[in-house]
């Protein structure tokens, strides 16, 4: 009893210490310790801190000696109305061991220009290496280019670290954002905190994005003038106005993630698409395999039908610090012929670089040491790739790299579109080598007959049984299409030992004498 009381007391003390840290400011009646720092005048009224910008580089300071633990706290939630024409805001911080203000200890975030209401912004500190130790003070820069205008702050919160929805296999660390449709928001080495995915706005991340119908002017219905006219464009993360896709369902195993969401129409303000997006993600070694699925159920008659459009399968935004583009454009694919290293096309030229001949179906962005991320999309027929902004930036910067494998599809009002793709993290030689391995294990889906009742039990822990009428060779592949077991099964001795497999999704393939058959099973 004494031991239980001591443990309980310890928990209460720790909880009270966390709660004692000042992490929320609502500006109900006063500035609550926030002081005007540079090029600002202001006052608090009606629960808003009203800031008037009087010159360049406007910012304000939080109270000092906050002592906020970065172990427990790792997300900002800021509610404000920006009445200026600048959208680039920035947060700085000092720590109890480093009391200097610097760009290293800062994070940029994008806000709406000339906003007509108070909007909410969530800034994750995940992967920000300088967010460490105990935070001493905060500084909020309300527009890097602003020299005049009004900003109204409703609330500033420093929140507890969100529950992680991700996978870490000791080689790579991957996370998906359940507040943004479950899109891939974070990839790093397992022992590192450097995120190589750009997450500066809802149009970035690694996500599903599709196009259908004719381009329309819907500005009277809330369409952004910057994205008008535009076609039907459901996007996984959220729309241009930062309204986010809602999760319908999500689940996780030791090696896999599943999400289902209602996407948003990119060009519209808070308009959910009449569609559902699903995503299955697994990791094995340095390979991330993703299966995406779009199910449309449109009832509108706005956009028209039977319009052939290029689909991003998927849209991938690596950090621009991965600045060197590689692929193979030659006539002898999958022979280890010399790779191509094209000049990176900047979006400021008018559009991304267009690559019509990519026979190995992959492109990669790497740093000067040739380490980075490769995108392999076996069903792609061409690629877009390039850079927006400048090279050398990290995950929250407006500058980004971009890769999009493409294939053309006519998305009708009731279409279903599915595809698989792979992300490979490592050196350029490792990226290409893994793609070659995956290629050798991929079987033409047209020659595979899927059978759902051939294997049992499913899920399985130790022994899998297969119903076959004659002796046959069985191959088991993991979710990254790698062969993990091969054995011969007899008609009356049809038990297959799978106890050694790790938890996850697997595919069993065999020939029944007529068709190449495939059954999917789950290893518990």
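The values are calculated or read from the model by the stated rules, or taken from the named source; none is laboratory data. This is a predicted model, so every value here is computed, not measured. Using ideal geometry, Cβ is built from the backbone for each residue, glycine included, and neighbour counts are taken over all protein chains shown.
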Just checking, how many residues over the stretch 485-504 are surrounded by 16 or more Cβ atoms within 10 Å (Cβ to Cβ) and not in a loop (DSSP other than H, G, I, E, B)? 4
Being surrounded by fewer than 16 Cβ atoms within 10 Å (Cβ to Cβ), in a helix (DSSP H, G or I) and in the same structural domain as residue 406 (by TED's automatic domain parsing) narrows it down to one of 348, 343, so name that one. 348
Among the numbered conditions (1) assigned to a loop (DSSP other than H, G, I, E, B); (2) surrounded by 14 or more Cβ atoms within 10 Å (Cβ to Cβ); (3) within 34 Å of the chain's Cα centre (by Cα), tell me where residue 78 comes up short. (1)
I'd like to know if the stretch 414-426 contains one or more residues that are in a loop (DSSP other than H, G, I, E, B) and in the same structural domain as residue 317 (by TED's automatic domain parsing). yes
Condition first: under 22 Å from residue 423 (Cα atoms) and surrounded by fewer than 21 Cβ atoms within 10 Å (Cβ to Cβ). Can you find one or more residues in the stretch 264-276 that meet it? no
Please indicate, with yes or no, whether at least one residue in the stretch 212-222 is in a strand (DSSP E or B), free of Cβ contacts under 8 Å to residues at least 24 places away in the same chain and under 24 Å from the mean Cα position of the chain (by Cα). no
Consider residue 170 against the criteria (1) free of Cβ contacts under 8 Å to residues at least 24 places away in the same chain; (2) touching a strand residue (DSSP E or B) at 6+ places or on another chain (Cβ under 9 Å): it satisfies all of them except one. Which criterion is unmet? (2)
Is at least one residue of the stretch 205-212 surrounded by fewer than 16 Cβ atoms within 10 Å (Cβ to Cβ), over 27 Å from residue 72 (Cα atoms) and modelled with pLDDT of 95 or more? no
Members of the stretch 429-461 found to be surrounded by fewer than 19 Cβ atoms within 10 Å (Cβ to Cβ), more than 19 Å from residue 486 (Cβ to Cβ) and at pLDDT 85 or above, listed by number: 429, 430, 433, 436, 457, 459, 461
Against the definition (modelled with pLDDT under 95, surrounded by fewer than 20 Cβ atoms within 10 Å (Cβ to Cβ) and either in contact with a helix residue (DSSP H, G or I) (Cβ under 9 Å, 6 or more places away or on another chain) or part of a strand (DSSP E or B) (or both)), how does residue 130 come out, yes or no? yes
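Here's the yes/no breakdown for (1) within 18 Å of residue 186 (Cβ to Cβ); (2) at pLDDT 95 or above:
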{"site": "111", "(1), (2)": "no, no"}
{"site": "115", "(1), (2)": "no, no"}
{"site": "121", "(1), (2)": "no, no"}
{"site": "144", "(1), (2)": "no, no"}
{"site": "164", "(1), (2)": "yes, no"}
{"site": "172", "(1), (2)": "yes, yes"}
Filter result for the condition that a residue is assigned to a loop (DSSP other than H, G, I, E, B) and either closer than 25 Å to residue 386 by Cβ or without any contact (Cβ under 8 Å) to a residue 12 or more places away in the chain (or both), over 299, 335: 335
Of the residues in the stretch 465-484, how many are under 28 Å from residue 251 (Cβ atoms), surrounded by fewer than 18 Cβ atoms within 10 Å (Cβ to Cβ) and modelled with pLDDT under 80? 1
